[in-house]
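**Q** I am attaching a structure below and will ask some questions about it afterwards.
The values are calculated or read from the model by the stated rules, or taken from the named source; none is laboratory data. Being a predicted model, the structure only gives us computed values, none of them experimental. Positions of Cβ are backbone-derived with ideal geometry, glycine not excepted, and every protein chain shown enters the neighbour counts. Areas reflect the complete protein model, heavy atoms only, side chains present, ligands, DNA and RNA absent. Shrake-Rupley method; radii C 1.70, N 1.55, O 1.52, S 1.80 Å.
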Amino acid sequence: MSDRKVRVGGRDVEFEVAARWVRSYFDESANRAAAAAKGVKPFAYPAYDRMTTGSGPDELNDGDLLAPLLLNAGPTIAAVYSLHAVRPALEAGLAAIPQDLALQTAVAHGCHGALLESLIGVLDVPGKVPGIGLTKLTKILHRKRPLFIPLFDQQVKACYYSTDANYPMHPTPGRPDAVFFSTLAECMTRDLEEQPEQWEALASQAPDDVSRLRILDVVAWKLGTDSPAPTTP
């Protein structure tokens, strides 16, 4: 496996490098030690992934809405109020998604689009959720359905979205966020399915409670940090 690469969208990295990233990010002991040290930044596992808010799997309490803070994407006070307004819609969307549904299974059955639309679609009503975009919303929702809802940020976007023909997603003016995210989910699924040995081996470097989508996010985050992505889906 040491001579193999891991592909994420239009970018790739040597397997051993990706494995080192995964081991480092999900090293709970090292992260807790870093948190206690001066001048050292810990990674967000397990603070984000195991954050206890007291809510059920289909509920989003105020603690859940603040979870993005642990991934350096915390909502403003105004954004929290706007999330309150769409919370019933988001909870209804979560309730429609079985807790054990994997994104790969949903894509294979063609049901991922409608399920993601019920969540991400709140962003496609102009002015409905001020201060909230895909990055913050997915960081809230991923914890509730870690097998199904991918994480998103500009680093992930940099891996999948470009005018370069080698990237799977390209600029499409006027594309709704729900359509963009559904397409991104399909691209992520393709990466996972076309490289099963690589992702299985990477998963062995992380704790058992970490999903493939979370591992992909960490690799994409590291890969996408090198250069920016366009700003418009």
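**Q** Run the accessible area of the chain with a 1.4 Å probe and give the carbon-and-sulfur part as a rounded percent.
**A** Carbon-and-sulfur percentage of accessible area, whole number: 53.
**Q** Can you figure out the FRET efficiency of GLU186 with ALA89, using R₀ = 22 Å and their beta-carbon distance, to the nearest 0.05?
**A** So, using R0 = 22 Å, E works out to roughly 0.40.
**Q** How big is D, in µm² s⁻¹, for the stretch 104-227 by Stokes-Einstein at 37 °C and 0.692 mPa s if Rh is the Kirkwood radius over C-alpha pairs?
**A** Working: Rh = 15.2 Å.
Rounded, D is 217 µm²/s.
**Q** Once you treat every alpha carbon in the chain as an equal point and sum by Debye, what is log10 I(q)/I(0) at q = 0.12, 0.16, 0.17, 0.18 Å⁻¹?
**A** Summing over Cα pairs of the chain leads to -0.66, -1.22, -1.39, -1.55.
**Q** Please check: in the Gaussian network model of the chain (C-alpha springs, under 10 Å), which one of ASP100, ASP27, ASP49 has the largest mean-square fluctuation.
**A** Largest GNM mean-square fluctuation: ASP100.
**Q** If each of THR52 and TYR81 carries a label point 7 Å out from its Cα toward its Cβ, how far apart are those two points in nm?
**A** It works out to 3.3 nm between the two label points.
**Q** Under a 1.4 Å probe, what is the accessible area of the chain per residue, stated in Å²? Can you show the working numbers first?
**A** Details: 10860 Å² over 233 residues.
On a per-residue basis, the chain sits at 47 Å².
**Q** Among GLY121, GLY133, GLY39, determine the one that fluctuates most according to a GNM of the chain built with springs between C-alpha atoms less than 10 Å apart.
**A** Comparing GLY121, GLY133, GLY39 in a Gaussian network model of the chain, the most mobile one is GLY39.
**Q** Then there's this: Which of ALA92, ALA36, ALA44 moves most in a GNM of the chain, Cα contacts under 10 Å?
**A** ALA36
**Q** Continuing with the same structure: List the lysines whose alpha-carbon lies under 18 Å from that of LYS128, not counting same-chain residues fewer than 8 positions away?
**A** Candidates past the 8-residue exclusion: LYS136.
**Q** Okay, moving on. Give the longest segment of the chain that steers clear of trypsin sites (Lys or Arg not before Pro) in DSSP loops with at most 16 neighbouring Cβ atoms within 10 Å, not counting the sites themselves.
**A** Details: sites that count: ARG4, LYS38, ARG50, LYS128.
For trypsin sites (Lys or Arg not before Pro) (loop position, at most 16 other Cβ atoms within 10 Å), the longest site-free span of the chain is 129-233.
**Q** Find the Cα radius of gyration of the stretch 61-117, compare it with 2.2 N^0.38 Å by division, and give the number to two decimals.
**A** Computed over Cα atoms of the stretch 61-117, the ratio equals 1.36.
**Q** Which value in nm describes the separation of the simple spin-label points at ALA108 and ARG20, placed 7 Å from the Cα toward the beta carbon?
**A** 3.5 nm
**Q** Relative to a virtual label point 7 Å from the Cα of HIS170 in the Cα→beta-carbon direction, which members of the stretch 187-203 show backbone nitrogen distances below 17 Å?
**A** Hits in the stretch 187-203 for HIS170 at 17 Å: 187.
**Q** Please turn the phi angles of the stretch 45-58 into ³J(HN,Hα) values with the Karplus equation 6.51 cos²θ - 1.76 cosθ + 1.60 (θ = phi - 60°), one per residue in order, whole Hz, x for glycine and proline.
**A** 8, x, 4, 6, 5, 10, 4, 9, 10, x, 8, x, x, 9
**Q** Here's something else I'd like to know. Report the Cα-based extents of the stretch 126-189 along its three principal axes, largest first, to the nearest Å.
**A** Answer, in whole Å and largest first: 33, 29, 18 Å.
**Q** Between ASP62 and SER29, what is 0.36 nm times their sequence separation minus the Cα-Cα distance? Round to one decimal in nm.
**A** 9.1 nm
**Q** Here is the link list: LYS41/LYS139; LYS38/LYS144; LYS41/LYS222; LYS5/LYS157; LYS5/LYS222. Which ones come out longer than 26 Å on Cα distance?
**A** In this structure, LYS38/LYS144 lie more than 26 Å apart at Cα.
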